[in-house]
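Colleague: Questions regarding the structure given below will be posed in turn.
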Amino acid sequence: MIPLSFAQRRLWFIERLEGPSATYNIPVALRLTGRVDKRALATALRDVLERHEVLRTVIGVADGEPYQRILGMDDLDWDLTLVELPPSADLAGPAGEVLEHAFDLGAEVPIRAWLFSAGEDDHVLAVVLHHIAGDGWSKGPLARDVSLAYAARCAGRAPDWEPLPVQYADYTLWQRELLGDENDPGSVMARQLDYWRETLAGAPEELALPFDRPRPPVATHQGHSAPFELPPDTHARLVEVARGAGVTTYMVMQAALAVLLSRLGAGTDIPIGQVVAGRTDVALEDLVGFFVNTLVLRTDVSGDPAFREVLARVRETDLSAFSHQDLPFEKLVEELTPNRSLARHPLFQVLLTVQNVAQAAVDLPGVRAGGVAEAPSGGGAAEAPGGGGAVSRFDVEVSAGELFDAAGAPAGLRGSVIVAADVFTAESAALFAERLRRVIETVVAEPEIRLSETGVLSQDERRKLLVDWNATDGQIPPATVPELFAAQAARTPGAAAVVHEGETTTYAELDARADRLAHHLAALGVGPES
């Protein structure tokens, strides 16, 4: 029996714990304009399933242990679902609904496809892939192979492509061989476990974020999404700062995000999650499968450092983490045994993704394809293609992709901020995106600025805090404290003035005691200013 990869095993466990859901779906909705050969498309999709074994794999269980059960094409009951709608009908809505399909990983293969048609030239191809069989990188090989197979089937022949050198099942076996036995001190597994134990010792298990509401006992994985953008001039300055500091765009974004989180009250020890491709061998580059791994990047912003110093710390932390990226995140969680909760993600609750994977492109002869709505690569939260709410597996997820013009010059960053609806309002998503943009613009313009000097509030917010909400001036008559007390005693003589150790003294009683004490002091010769 072929075991699951470590990453697959975690998703299988989550499905067993929570039941089938769309939380870990990778949805793609592609509008096709032109005459689509539906038979050729259906056959081409089956060609792709034949080429990539992971797409026709169900999860079996023997003696409580999961394994990969790869179905042969003759045993595969799978086809493109064709849905005919009236001309000019809305196709986005129905496509969005089916992309919420909840896979039963033990009974069905992890990919479904529908073609919605509203006339001969208007179609939407909806494909949903479960994360257990794919990741962001996989969309490239998947789109390429569908395009090649469709062109071949339209020409009346089978696709003529080079056989894949390995399959995903080979990778799962190779992964275990590479990592070795954790009980062997010389194994990759043992060495990297030691590194991460030391690196994450004492890290906060839950980041203190400015929640709008208390966290529920169980996460719903519903989210609110807001667009995040940086203009070309800020992008250019960011790239310039990165080059000067010898860091990547991601590291600048990570440092800026850590500064923002700290300024919002999260402290000075900021764990941030990062997804890495995990395709450490060239033979894996053309393969569809779940290869990504997750790293916990512990970001130190203590001591009120200048932003350039934060960048230096981030560079050291990240390079060290990247050299220990083979240990599966699932194994790390298992070994560190943090306090587990169904309400939050373990070890980190903020994820940052900066896209550097080429955009997947489908090229079908005679058909114009466009309007893709898909999940960010690497398994982040996804906006529902039908226009509904976002899916969130973290408290905060920032995802952005770099844009470049024809000459290769920076043309801006574009992405989204998704916050967990369990603890944040929709307004908070937009506010977080705005504040992150403001922090980035500030630190790339002035890299020597210190954390305490980095503002996160807009002018309107500052005016509201310092002026509008602080407009507490009022007319108070000039009077001394004894005069004010005497007036209060006259208004409410029976009200409690002092409560101490169970004894209550009214204003009238306190006033009388004060008068007796004053007369006694005067009799002793005590006068004003004594």
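Colleague: What is the one condition in (1) crowded, with 22+ Cβ neighbours inside 10 Å; (2) under 21 Å from the mean Cα position of the chain (by Cα) that Phe307 does not satisfy?
Modeller: (2)
Colleague: Among the numbered conditions (1) within 19 Å of the chain's Cα centre (by Cα); (2) modelled with pLDDT of 95 or more; (3) within 26 Å of Leu332 (Cβ to Cβ), tell me where Asp194 comes up short.
Modeller: For Asp194, the exception is condition (1).
Quick grid of which residues meet (1) out of contact with any Gly (no Cβ under 7 Å at 6 or more places or on another chain); (2) part of a loop (DSSP other than H, G, I, E, B); (3) without any contact (Cβ under 8 Å) to a residue 40 or more places away in the chain; (4) over 29 Å from Pro227 (Cβ atoms):
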{"position": "Asp422", "(1), (2), (3), (4)": "yes, yes, no, no"}
{"position": "Ala429", "(1), (2), (3), (4)": "yes, no, no, no"}
{"position": "Glu434", "(1), (2), (3), (4)": "yes, no, yes, no"}
{"position": "Gly474", "(1), (2), (3), (4)": "yes, yes, yes, yes"}
{"position": "Pro477", "(1), (2), (3), (4)": "yes, yes, yes, yes"}
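Colleague: Can you work out which of the residues in the stretch 23-59 that are under 29 Å from the mean Cα position of the chain (by Cα), of a type outside the set (D, E, K, R) and open to solvent by 20 Å² or more (accessible area, probe 1.4 Å) is farthest from Ala158 (Cα to Cα)?
Modeller: The residue in question is Tyr24.
Colleague: I've got another one for you. Within the set of pairs 6 or more residues apart or between chains, which connect a residue that is under 21 Å from Leu327 (Cβ atoms) and in a strand (DSSP E or B) inside the stretch 255-283 to a residue that is of a type in the set (S, T, N, Q) and open to solvent by 40 Å² or more (accessible area, probe 1.4 Å) with Cβ atoms less than 7 Å apart?
Modeller: If the second residue must be of a type in the set (S, T, N, Q) and open to solvent by 40 Å² or more (accessible area, probe 1.4 Å), the pairs left are Val276/Gln325.
Colleague: Can you report the number of residues in the stretch 495-530 which are in a loop (DSSP other than H, G, I, E, B), open to solvent by less than 100 Å² (accessible area, probe 1.4 Å) and at pLDDT below 95?
Modeller: Counting residues in the stretch 495-530 that are in a loop (DSSP other than H, G, I, E, B), open to solvent by less than 100 Å² (accessible area, probe 1.4 Å) and at pLDDT below 95 gives 4.
Colleague: Mind listing whichever residues of the stretch 436-453 are in a helix (DSSP H, G or I), among the aliphatic types (A, V, I, L, M) and either open to solvent by less than 10 Å² (accessible area, probe 1.4 Å) or closer than 17 Å to Leu261 by Cβ (or both)?
Modeller: Answer for the stretch 436-453, where residues must be in a helix (DSSP H, G or I), among the aliphatic types (A, V, I, L, M) and either open to solvent by less than 10 Å² (accessible area, probe 1.4 Å) or closer than 17 Å to Leu261 by Cβ (or both): Leu436, Val439, Ile440, Val443, Val444, Leu451.
Colleague: Sticking with this one: Output the number of residues of the stretch 318-336 satisfying the condition of being more than 10 Å from Asn293 (Cβ to Cβ), open to solvent by 50 Å² or more (accessible area, probe 1.4 Å) and either in contact with a Ser or Thr (Cβ under 7 Å, 6 or more places away or on another chain) or in a loop (DSSP other than H, G, I, E, B) (or both).
Modeller: Selection size over the stretch 318-336: 1.
Colleague: In the stretch 147-161, what residues are aliphatic (A, V, I, L, M), in contact (Cβ under 8 Å) with a residue 12 or more places away in the chain and more than 18 Å from Ala361 (Cα to Cα)?
Modeller: The answer is Ala158, and nothing else.
Colleague: Would you tally the residues in the stretch 479-488 being closer than 11 Å to Ala514 by Cβ and either exposed (fewer than 12 other Cβ atoms within 10 Å of the Cβ) or at pLDDT 95 or above (or both)?
Modeller: Total meeting the criteria: 1.
Colleague: State all residues of the stretch 164-181 that are under 15 Å from Leu49 (Cβ atoms) and either free of Cβ contacts under 8 Å to residues at least 24 places away in the same chain or surrounded by fewer than 22 Cβ atoms within 10 Å (Cβ to Cβ) (or both); if no residue qualifies, say none.
Modeller: The answer is Leu164, Gln167, Ala169.
The values are calculated or read from the model by the stated rules, or taken from the named source; none is laboratory data. Predicted model, so just to flag it, every value in this text is computed and none were measured. Positions of Cβ are generated from backbone atoms using ideal geometry, with glycine treated the same way; all protein chains shown enter the neighbour counts. Only protein heavy atoms, including side chains, enter the accessible area calculation; ligands, DNA and RNA are left aside. Shrake-Rupley method; radii C 1.70, N 1.55, O 1.52, S 1.80 Å.
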